[in-house]
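Since the structure comes first, as structure tokens, the remarks are kept for the end.
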Amino acid sequence: MDTLVELNLFGRDYEQEMRPLIRAFLPNADFEVSHYEAEDEAMRLVFEKETDPLLLSCNAANDYSFCMLLMEDWFRIRVYKKGELIGRADADGVDPERKAFRNRVAREVYQILSKDTGLTLPWGILTGVRPTKLVYEAVADGQDEDEIRRAMKTEYLCSDAKTETSITIAKREHEILSGMDYQNGYSIYIGIPFCPTTCAYCSFTSYPLSKFGKLADDYLDALEKEIAFLGTCRPKKRLSTVYIGGGTPTALNEAQLERLLMTVRKHLPMDEVLEYTVEAGRPDSVTEEKMRLLKAYGVTRISINPQSMRQRTLDLIGRRHTAEQIVEAFHTARACGHDNINMDMIIGLTGENPDDVSYTLSEIAKLDPENLTVHTLALKRAARLTTERENYAGLEATGVSDMLERTVAFAKEHGYRPYYLYRQKNMAENLENVGYAKPGTEGIYNILIMEEKQTILAAGAGAMSKFVFYGEDRIERVENVKSLTDYIARIDEMIERKKTFLENNFT
């Protein structure tokens with residue numbers, strides 16, 4: 001059942017900052033947001049008189065109402081639950097710089113909701129995708145680890161466990177990136193938006209082959225034009241990594257996959273590439289011929305993703321392959337010479353409990369991949385688990401934090417070290433995704449994109465190029481359209497967008 005949340009903002013606009021924090025405590029929050037102009041003294045009096053009709057009108061009909069007067073260097077916050085005042089915060093002389101002000105407001109809201117719900121969030125007020133980026137920058141600047149710990153605890157209310165995880169990962173990332181000249185390089189992402197079927201949890205740009213496979217050749221025509229352009233974009237920079245993702249790139253048939261690989265070889269300067277990754281995530285898309293093609297064209301890293309080894313779970317989430325096919329696909333890749341294989345799993349999947357996760361881990365241990373990526377289920381708005389949630393009622397996962405602890409213990413026991421971390425909105429129990437690797441097999445592209453350390457040029461439907469401006473603390477994005485048919489029809493426009501951006505910023 002949805003929790004009705006009214007968010008009333010007077011003065012400074014912090015809607016984007018408040019929504020994810022409130023939703024971390026109230027996962028089913030359905031927001032109604034109102035913005036108001038605010039005159040300092042008039043509004044100060046309204047908030048001091050908590051029975052004022054303006055405030056009462058804001059909180060009468062909803063489960064929760066947040067009334068927030070956010071001025072240049074002071075704020076007043078009132079939080080109501082079904083019309084009753086449950087929390088207030090008044091502060092004057094606050095640092096007006098946006099980040100400092102936001103953090104102070106977020107800490108106050110956190111404390112009110114924590115007291116009301118009895119919950120604490122492992123990541124504190126850090127609701128963004130890249131919680132380790134703060135720590136990475138501190139590590140790179142040579143900041144003392146105890147100072148980092150103090151800042152994470154006092155400024156961000158982060159738990160000790162997540163702080164230690166962040167420091168461990170940031171140090172490993174910094175160690176890896178220190179060995180490459182990433183500022184004088186760039187990477188390329190190529191998106192293949194086709195899948196055998198669409199999984200129930202998926203909200204990526206993905207089109208099932210049964211319905212859209214007839215467009216694959218036209219898509220590859222358009223994609224080749226864009227890849228050819230990308231090969232000319234950065235002539236004075238070194239291509240560091242290439243990542244072909246999706247969707248499921250190996251959902252293409254053998255001839256189409258070879259055409260794609262030939263396009264990459266023909267148009268991109270691959271001679272000095274450090275890492276070349278192709279996702280073969282769905283085992284029902286893996287064949288011996290495809291695995292041989294990937295090896296022959298110089299691919300150095302692949303992913304074969306079980307998500308779960310429980311057949312009932314695979315059936316529930318719409319994977320439409322067997323657990324045995326996962327094992328067969330892995331052995332096929334090994335037989336074809338692939339020696340850096342990642343496997344993804346998801347904790348918090350429909351109907352699972354910690355013992356199911358332990359079973360999946362035990363089956364993965366038998367295969368012994370070089371990388372293991374542990375995702376926490378994030379319920380995306382467009383995913384079938386959300387849009388058809390009545391079909392999954394009563395099948396919610398239990399003990400997700402326990403699941404995560406089991407994956408941490410497994411990784412340590414089997415020689416995997418955490419090397420990158422990221423988060424998504426609406427993740428189960430406010431947790432995270434962690435990439436583990438045996439030493440020397442880490443995915444460089446994953447670090448570059450998560451820490452936003454390098455320009456990444458992107459090709460394909462829904463792909464987003466990200467340009468990093470060193471020394472300016474600035475990142476600019478250039479997006480492609482998501483629609484498959486629009487991308488094919490408007491490929492020249494997609495290329496022109498990037499061309500215009502490059503001409504305006506790098507000439």
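The values are calculated or read from the model by the stated rules, or taken from the named source; none is laboratory data. What you see is a predicted model, and the numbers here were worked out from it, not measured in a lab. Cβ sites come from the backbone with ideal geometry, for glycine too, and all protein chains shown count toward neighbours.
Residue-wise test of (1) touching a Lys or Arg at 6+ places or on another chain (Cβ under 8 Å); (2) assigned to a helix (DSSP H, G or I); (3) within 21 Å of Tyr445 (Cα to Cα); (4) at pLDDT 90 or above.
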position	(1), (2), (3), (4)
Leu294	no, yes, yes, yes
Thr313	no, yes, no, yes
Phe330	no, yes, no, yes
Met345	no, no, yes, yes
Met403	no, yes, no, yes
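Checking the condition in contact with a strand residue (DSSP E or B) (Cβ under 6 Å, 6 or more places away or on another chain), modelled with pLDDT of 95 or more, crowded, with 16+ Cβ neighbours inside 10 Å and not in a loop (DSSP other than H, G, I, E, B), which residue from Ile190, Ile148 passes? Working first, answer last.
Working: Ile148 fails: in contact with a strand residue (DSSP E or B) (Cβ under 6 Å, 6 or more places away or on another chain).
None of the others qualify; the one that does is Ile190.
On the stretch given as the range 208-236, residues that are more than 25 Å from Arg319 (Cα to Cα) and either touching a Cys at 6+ places or on another chain (Cβ under 7 Å) or touching a residue at least 60 places away in the same chain (Cβ under 8 Å) (or both) total 11. Screening Glu503, Glu472 for residues that are at pLDDT below 95, assigned to a helix (DSSP H, G or I) and not small (Gly, Ala, Ser) leaves exactly one candidate, Glu503. Scanning the range 445-455 for residues that are touching a Phe, Trp or Tyr at 6+ places or on another chain (Cβ under 9 Å) and in contact (Cβ under 8 Å) with a residue 60 or more places away in the chain gives Tyr445, Ile447, Leu448, Ile449, Met450, Glu451, Lys453, Gln454, Thr455. Out of Ala42, Ala61, one residue alone is exposed (fewer than 15 other Cβ atoms within 10 Å of the Cβ), modelled with pLDDT under 90, outside any helix (DSSP H, G or I) and not β-branched (Val, Ile, Thr). It is Ala61.
Yes/no matrix, rows are residues, columns are (1) touching a strand residue (DSSP E or B) at 6+ places or on another chain (Cβ under 8 Å); (2) more than 19 Å from Glu258 (Cβ to Cβ):
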| position | (1), (2) |
| --- | --- |
| Arg282 | yes, no |
| Ile317 | yes, yes |
| Arg320 | no, yes |
| Ile326 | no, yes |
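If the condition is being farther than 23 Å from Pro208 by Cβ, of a type in the set (A, V, I, L, M) and surrounded by fewer than 21 Cβ atoms within 10 Å (Cβ to Cβ), then the range 294-326 contributes only Ala296.
Return yes when Glu155 is in contact (Cβ under 8 Å) with a residue 24 or more places away in the chain and acidic (Asp, Glu) and no when it is not. Taking the combined requirement at face value, the residue satisfies it.
Which residue is farthest from the chain's Cα centre (by Cα), if the candidates are limited to the range 151-162 and must be within 17 Å of Asn103 (Cα to Cα) and assigned to a helix (DSSP H, G or I)? If we take residues in the range 151-162 being within 17 Å of Asn103 (Cα to Cα) and assigned to a helix (DSSP H, G or I), then Thr154 is farthest from the chain's Cα centre (by Cα). Within the range 115-139, the set of residues being crowded, with 17+ Cβ neighbours inside 10 Å, part of a loop (DSSP other than H, G, I, E, B) and of a type in the set (Gly, Ala, Ser) comprises Gly124 only. Within the range 236-254, the residues that satisfy the criterion of being surrounded by 24 or more Cβ atoms within 10 Å (Cβ to Cβ) and in a helix (DSSP H, G or I) are Pro249, Thr250, Ala251.
Screening Pro20 against (1) surrounded by 19 or more Cβ atoms within 10 Å (Cβ to Cβ); (2) at pLDDT 90 or above; (3) not small (Gly, Ala, Ser) leaves a single unmet condition, (1). Per this entry, Thr232 is counted among residues that are surrounded by fewer than 19 Cβ atoms within 10 Å (Cβ to Cβ) and either more than 24 Å from the chain's Cα centre (by Cα) or assigned by TED's automatic domain parsing to the domain that holds Gln16 (or both). Only one entry of Gly83, Gly93 meets the criterion of being outside the structural domain of Gln454 (by TED's automatic domain parsing) and at pLDDT 95 or above, and that entry is Gly93. Filtering the range 483-500 to residues that are buried (at least 16 other Cβ atoms within 10 Å of the Cβ) and part of a loop (DSSP other than H, G, I, E, B) leaves only Arg490.
With respect to the conditions (1) in a helix (DSSP H, G or I); (2) of a type outside the set (Val, Ile, Thr); (3) closer than 24 Å to Thr287 by Cβ, Asp339 lacks only one, and its number is (1).
Against the conditions (1) closer than 30 Å to Leu220 by Cα; (2) surrounded by 23 or more Cβ atoms within 10 Å (Cβ to Cβ); (3) out of contact with any Gly (no Cβ under 7 Å at 6 or more places or on another chain), Lys266 satisfies every one except (2). Criterion first (outside any helix (DSSP H, G or I), more than 27 Å from the chain's Cα centre (by Cα) and farther than 12 Å from Ile188 by Cα) does Pro269 satisfy it? No, not satisfied.
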